[in-house]
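First up is the structure itself, then whatever we jot down about it.
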Amino acid sequence: MRTPGLGRQVVRAGLIGATAIIYCAMVGLIEQLDPRKIVGSQLSIAGVLFLGLPPIIAAYVATRPRQVRGEEVQPGIGEAALAGALVGLIVAAITMAAIGLANLLGIDTTRNIFKSVSPTLLGILYLHRSAVSGLAILSVVIVLLGAFGGVLRACSVGVRRPIVIGLSSVVGFGMLQRIIPTAMDQLGLPKAWLYSTTYLGLTWFGAVLTFAVAAGLTVLFMRKGSQMQRGIVWMTGGERQARTAEVIVLVVILLLLPFVAGTILSQILGSVGIYVLMGLGLNIVVGYAGLLDLGYVAFFAVGAYITGVLTGGLLITTLGLKAPAFHGGLSFFIALPIVILAAALVGVLIGAPVLRLRGDYLAIVTLGFGEIARALFTSDWLKDIFGGTQGLTKIPAAPIGSLDFRNPRTFYYLVLVFCILAAYIAWRLQESRVGRAWNAMREDEQVAEAVGVSSTRYKLLAFALGGAIGAVGGALFAVQIGSLNDASFTILVSITTLAIVILGGMGSIPGVVVGALVLIGVPGLLSEFQAYQLLVYGAVLMAVMILRPQGLIPNVRRTRELHEEERAQDKWAGDLVGDEDVVAEPSPLGEGSG
Amino acid sequence: MANMTGVQPAPAAAASLNRYARLPWRRIIQIALAIGITLFVVVGSFRTLQSNTYDASTWKDFVILGVAQGGIYALIALGYTLVYGVLRMINFAHGEVFMFGAFGSYFFATAYASSGFLNRNPVVALAIIFLVAMLVSCSVALLLERVAYRPLRNAPRLVPLITAIGASLFLQNTAFGLWGPQARAYPVPNILSGDQTWTILGITMQRIQVVVILTAIIAVACLSLFVSKTKAGRSIRAVAQDREIASLMGIDVDRTIMLTFALGGLLAGVAGVQFGMTFGQVHPYIGFVPGIAAFTASVLGGIGSIAGAALGGLILGLLESVGPPLLLTGFHIPSPFQLKPVITFSVLVLVLIFRPGGILGSDEPDKV
């Protein structure tokens, strides 16, 4: 090891990688996700994500360039490969030790405490062979993957990026196994060459082809990308027109999507759309105005329940269905403005008492309001209106003429219209005087007040607007599922929406869409993930905040704010310590999306 | 709350303020709110007492239950207060630290129960159970600090809070993955089981409640002694007052912060066992509601103050057990305990509106 400090990094990365694998095994992720194959019959999601990825990432991080006496030193390929292999060795050794320990204590004893440590899990870790040969192969693979991670880090960007994008595409295409084959069927294309009919994932041929195409395209784009961009601008006749053309293409794709995909996808997209709306609404409150609202479910509930009552939902009682105390027979589109007004009013009511509260207190108090809303809507006290814990049912499906919005495809279009509308409103707001006032208020409330921005007015406006958009999401939810009960309005709605906004990037409209697609779409596609959805949300919230607080698709201004203080700190620490490695390396994931 | 911002309107703006703007609206709304709430409380309790729905012994049970519940809240609230004191952040995941303590000790408790040790030697067994819970909670708290909070020590305020929410969700679902969603019966030694009572000062109480109240008192006493008398306690107070100056005075800030998390974890572990034995069950979701309630308690008592957290816990426990039947029955609201979260959070909001520093805290404007 010629690079100073590399040894310590290797040990650390090895320990962390091993912890990751053991953690995934113990919470049951490996066992639950093993049946879902990505490539052929061998590579499952569990194998790729929870056994293969940890050593690669650990080795990649361990061999990153380091500051030594003010100079950046990158370990060479040979050294990186060796270091990576060592990381893999440590990971493998500790994992094997853990498996040995579980066997030593007896699987039944261990299972009494940790329910996921089961013979099935061991079978998966033994690669469905005998214990000795399976574990030997697994160890060798882990060591090789570690070496691969080290080599990947030491390569130039020109080699690294195509490989990373190619491999990610294979995993991505493998995970889309419920969409792409269906779409190919709909279009009348043969699919057996790409997706295996027995294991559902990609065939080995398909995987290699996917990798080659993705990597090839990446190379092409890296060499000719700027030329291609210029070409598009030239064809459409200017930057502005090129942007418009992009938007038009995007909208056309969105409109055609349900025709290509099946019912399942349309249904998932409907749910994604509802959360896009919610995310856009919360983004106004959190992203624009900087008010962390953890009680956003209140608006969702207001939207859903008021829509339910106004359009004629029925109460479930022990004596059968019954009309609630207020029974409107309004059409959805007449009820909607009332819902929006009610939600805006609720927004002001929630906002008013908390105007003077600082960030973290505001969060807890709004969380309280969310719980209060749920407790009220589902209480026995208001049972005659909202149906208590049983809730409402038989909510009509928003008829216009003969259109039935409970059909997933039609519903998708309904949601799409509202999403586009909300995105447009959010975008215009961001660029407007109001948006600038929110910016000012978020950055420094007292200074904003001093230059004449009424924080009272703009905070209430943010709560009202955000609430109104969230309530539309709730109203659509009521239409989509047709019956409401207390299980749909827990704090998790607020947290899910927050995770979407955070993952996408606070203040970023495309970020909300990406966030919703990832956090709602992926669990929808891979039903095995659903039990671990919340675990993933928690991990996403933590990881984004620690590694990339600006989110996947950052809003420029927000990024600057989130890093300002940090950068000042780094500089200060750097001056003090001098030659230690204080300059933080951007996360390995940051590269592809930048 | 004119004292909150301290910013005077600029002269030009002041000149253009009309008569309405000069009225102290906030003051008026506050007073109206105060009158409304007082009326609600007085009328509600009067009508409830008049209707004689509950007899005296039921009220007494409510009070004792409230005190025991308050003891648990107080111990968790201390964790919030300690961490808030040194880091000025709400450790949202503290409820989960408490849950892990309860779960960790559960396995020892069941093992002892099935081997008979728990009933043969209840004092020793309970001591070990408490110790295990404290150790587990303490390690989770330390891990949380190291992994989730330390990298963000200088980040803008919302960033650690969001991380803490993520950590809470993550820990909760880790427990779900490790141990499954089902509730497990927490074993209680026979001498403490539900129908056994002690009579102290003429009041008959369930033994388990006596144990809960006593351990809470001992734990709070130990903590205050530790913080006020030892050198480490002094360094915690110093870091709470000013982190930078404390570090210039030769205090290892990182270690002090770790110590704070460790103390909070130890107390949460004690609370975990108390909770398990009082309610007789543990499952991965037991941390959330007590966590929020304990946070409310620490704000109620004055966040940053140890005595305040203890007092706030006690008051909140009482409010939650006595409040719903006392206030809501009078208005003929069915199943009043369903609306317990409404009471908890209303208390939190009202404290923040009327006395943001809490009962024992100072009204320093930075807090809210």
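Tally time: how many residues in the stretch A:353-374 are assigned to a helix (DSSP H, G or I), within 8 Å of chain B (Cβ to nearest Cβ) and more than 14 Å from A:F300 (Cα to Cα)?
Result for the stretch A:353-374: 9.
Yes/no per residue for (1) among the acidic types (D, E); (2) surrounded by fewer than 19 Cβ atoms within 10 Å (Cβ to Cβ); (3) on the phi < 0 side of the Ramachandran plot; (4) assigned to a helix (DSSP H, G or I):
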site: A:G150; (1), (2), (3), (4): no, no, yes, yes
site: A:G158; (1), (2), (3), (4): no, yes, yes, yes
site: A:P162; (1), (2), (3), (4): no, no, yes, yes
site: A:G166; (1), (2), (3), (4): no, no, yes, yes
site: A:V170; (1), (2), (3), (4): no, no, yes, yes
site: A:R178; (1), (2), (3), (4): no, yes, yes, no
site: A:M184; (1), (2), (3), (4): no, yes, yes, yes
site: A:G188; (1), (2), (3), (4): no, yes, no, no
site: A:T197; (1), (2), (3), (4): no, yes, yes, no
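What is the one condition in (1) in contact with a Lys or Arg (Cβ under 9 Å, 6 or more places away or on another chain); (2) at pLDDT below 85; (3) assigned to a helix (DSSP H, G or I) that B:T204 does not satisfy?
(3)
Which one is nearest to A:V249 (Cα to Cα) among residues in the stretch A:206-238 that are polar (S, T, N, Q) and touching a residue at least 12 places away in the same chain (Cβ under 8 Å)?
The qualifying residue nearest to A:V249 (Cα to Cα) is A:T218.
So which residues in the stretch B:45-101 are modelled with pLDDT of 85 or more, part of a helix (DSSP H, G or I) and among the aromatic types (F, W, Y)?
If the condition is that a residue be modelled with pLDDT of 85 or more, part of a helix (DSSP H, G or I) and among the aromatic types (F, W, Y), then B:Y73, B:Y80, B:Y84, B:F98, B:F100 are the ones that fit.
Report whether or not A:T3 is hydroxyl-bearing (S, T, Y) and touching a Pro at 6+ places or on another chain (Cβ under 7 Å).
So A:T3 fits the description; yes.
Mind checking which residues of the stretch B:225-258 are surrounded by 12 or more Cβ atoms within 10 Å (Cβ to Cβ), free of Cβ contacts under 8 Å to residues at least 60 places away in the same chain and over 22 Å from the mean Cα position of the chain (by Cα)?
Once the filter is applied, which keeps residues that are surrounded by 12 or more Cβ atoms within 10 Å (Cβ to Cβ), free of Cβ contacts under 8 Å to residues at least 60 places away in the same chain and over 22 Å from the mean Cα position of the chain (by Cα), the stretch B:225-258 yields B:A232, B:R234, B:S235, B:A238, B:A246, B:S247, B:I251, B:D252, B:V253, B:R255.
Need the failing condition index for B:S105 against (1) of a type in the set (G, A, S); (2) surrounded by 18 or more Cβ atoms within 10 Å (Cβ to Cβ); (3) over 16 Å from the mean Cα position of the chain (by Cα); (4) within 10 Å of chain A (Cβ to nearest Cβ), just the number.
(4)
Taking the condition in the same structural domain as A:S116 (by TED's automatic domain parsing), more than 30 Å from B:L178 (Cβ to Cβ) and modelled with pLDDT under 85, does A:G78 pass?
The answer is no for A:G78.
Hey, any hits in the stretch A:54-66 for a residue that's in the same structural domain as A:G146 (by TED's automatic domain parsing), over 24 Å from A:G149 (Cα atoms), more than 23 Å from the chain's Cα centre (by Cα) and surrounded by fewer than 19 Cβ atoms within 10 Å (Cβ to Cβ)?
Taking the stretch A:54-66 first, the residues in the same structural domain as A:G146 (by TED's automatic domain parsing) are A:54-66.
Filter once more, keeping what is over 24 Å from A:G149 (Cα atoms): none.
Among the residues of the stretch A:54-66, not one is in the same structural domain as A:G146 (by TED's automatic domain parsing), over 24 Å from A:G149 (Cα atoms), more than 23 Å from the chain's Cα centre (by Cα) and surrounded by fewer than 19 Cβ atoms within 10 Å (Cβ to Cβ), which makes the answer no.
Let's see how each residue does on (1) under 29 Å from A:W438 (Cβ atoms); (2) touching a residue at least 24 places away in the same chain (Cβ under 8 Å); (3) surrounded by 16 or more Cβ atoms within 10 Å (Cβ to Cβ):
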| position | (1), (2), (3) |
| --- | --- |
| A:Q241 | no, no, no |
| A:I253 | no, no, no |
| A:T263 | no, yes, no |
| A:I274 | yes, yes, yes |
| A:L277 | yes, yes, yes |
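Inspect the stretch B:328-339 for any residue being of a type in the set (S, T, N, Q), more than 13 Å from chain A (Cβ to nearest Cβ) and more than 13 Å from B:L75 (Cβ to Cβ) and give the result as yes or no.
No - not one qualifying residue is present in the stretch B:328-339.
Kindly indicate which of B:T197, B:T174, B:T110, B:T204 is farther than 30 Å from B:T81 by Cα, surrounded by fewer than 22 Cβ atoms within 10 Å (Cβ to Cβ) and within 13 Å of chain A (Cβ to nearest Cβ).
Values: B:T197 fails: within 13 Å of chain A (Cβ to nearest Cβ); B:T174 fails: farther than 30 Å from B:T81 by Cα; B:T204 fails: within 13 Å of chain A (Cβ to nearest Cβ).
Checking each option against the conditions leaves just B:T110.
So which of B:A293, B:A240, B:A246, B:A268 is in contact with a helix residue (DSSP H, G or I) (Cβ under 6 Å, 6 or more places away or on another chain), within 30 Å of B:P122 (Cα to Cα) and either among the acidic types (D, E) or assigned to a helix (DSSP H, G or I) (or both)?
B:A268 is the lone residue from the list that is in contact with a helix residue (DSSP H, G or I) (Cβ under 6 Å, 6 or more places away or on another chain), within 30 Å of B:P122 (Cα to Cα) and either among the acidic types (D, E) or assigned to a helix (DSSP H, G or I) (or both).
Look through the stretch A:418-446, keep the residues that are charged (D, E, K, R) and free of Cβ contacts under 8 Å to residues at least 12 places away in the same chain, and return whichever of them is farthest from A:N555 (Cα to Cα).
In this case the residue turns out to be A:E445.
Answer yes or no: is there a residue in the stretch B:315-322 that is closer than 30 Å to B:T48 by Cα and of a type in the set (D, E, K, R). Lay out the reasoning, then the answer.
Within the stretch B:315-322, the subset closer than 30 Å to B:T48 by Cα is B:315-322.
This time we only want the ones that are of a type in the set (D, E, K, R), so: B:320.
Within the stretch B:315-322, one or more residues are closer than 30 Å to B:T48 by Cα and of a type in the set (D, E, K, R).
Are any of the residues in the stretch A:71-89 surrounded by fewer than 23 Cβ atoms within 10 Å (Cβ to Cβ) and under 27 Å from the mean Cα position of the chain (by Cα)?
Looking for residues that are surrounded by fewer than 23 Cβ atoms within 10 Å (Cβ to Cβ) and under 27 Å from the mean Cα position of the chain (by Cα), one finds none in the stretch A:71-89, hence no.
Between a first residue in the stretch A:29-43 that is away from chain B (no Cβ under 14 Å) and a second residue that is of a type in the set (D, E, K, R), which pairs have beta carbons less than 8 Å apart while being 6 or more apart in sequence or on different chains?
From residues that are away from chain B (no Cβ under 14 Å), the pairs are A:P35/A:E528; A:R36/A:E528; A:L43/A:K37.
Which residues, counting only those in the stretch A:31-53, are surrounded by fewer than 18 Cβ atoms within 10 Å (Cβ to Cβ) and of a type in the set (S, T, Y)?
A:S41
Listed residues A:A242, A:A207; which is in contact with a strand residue (DSSP E or B) (Cβ under 7 Å, 6 or more places away or on another chain) and in a helix (DSSP H, G or I)?
A:A207
Quick check on the stretch A:450-457. Is at least one of its residues surrounded by fewer than 19 Cβ atoms within 10 Å (Cβ to Cβ), among the hydroxyl-bearing types (S, T, Y) and modelled with pLDDT of 85 or more?
No: the stretch A:450-457 contains no residue that is surrounded by fewer than 19 Cβ atoms within 10 Å (Cβ to Cβ), among the hydroxyl-bearing types (S, T, Y) and modelled with pLDDT of 85 or more.
Looking at (1) under 26 Å from the mean Cα position of the chain (by Cα); (2) outside any helix (DSSP H, G or I), which one does B:D195 not meet, given that it meets all the others?
The failed condition is (1).
Name the single residue that is farthest from B:I236 (Cα to Cα) among those in the stretch B:283-316 being more than 13 Å from every other protein chain (Cβ to nearest Cβ) and among the β-branched types (V, I, T).
It comes out as B:I286.
With the structure loaded, tell me whether A:I77 is of a type in the set (A, V, I, L, M, F, W, C) and under 30 Å from B:A111 (Cβ atoms) or whether it fails that test. Give the derivation first.
Details: of a type in the set (A, V, I, L, M, F, W, C): yes; under 30 Å from B:A111 (Cβ atoms): no.
In short, no.
What is the residue count in the stretch A:298-332 for residues that are aromatic (F, W, Y) and more than 33 Å from the chain's Cα centre (by Cα)?
Filtering the stretch A:298-332 for residues aromatic (F, W, Y) gives A:299-300, A:305, A:326, A:332.
If we keep only those that are more than 33 Å from the chain's Cα centre (by Cα) too, we end up with A:326.
Residues flagged as aromatic (F, W, Y) and more than 33 Å from the chain's Cα centre (by Cα) within the stretch A:298-332 amount to 1.
Being in contact with an Asp or Glu (Cβ under 7 Å, 6 or more places away or on another chain), more than 9 Å from every other protein chain (Cβ to nearest Cβ), at pLDDT 80 or above and buried (at least 19 other Cβ atoms within 10 Å of the Cβ) is the requirement here; does A:T311 meet it?
So A:T311 fails the test.
Among residues belonging to the stretch A:395-446 that are within 14 Å of chain B (Cβ to nearest Cβ) and of a type in the set (D, E, K, R), point out the one that is surrounded by the fewest Cβ atoms within 10 Å (Cβ to Cβ).
A:D444
The values are calculated or read from the model by the stated rules, or taken from the named source; none is laboratory data. What you see is a predicted model, and the numbers here were worked out from it, not measured in a lab. Counting neighbours? That spans all protein chains shown, and the Cβs are built from the backbone with ideal geometry, glycine included.
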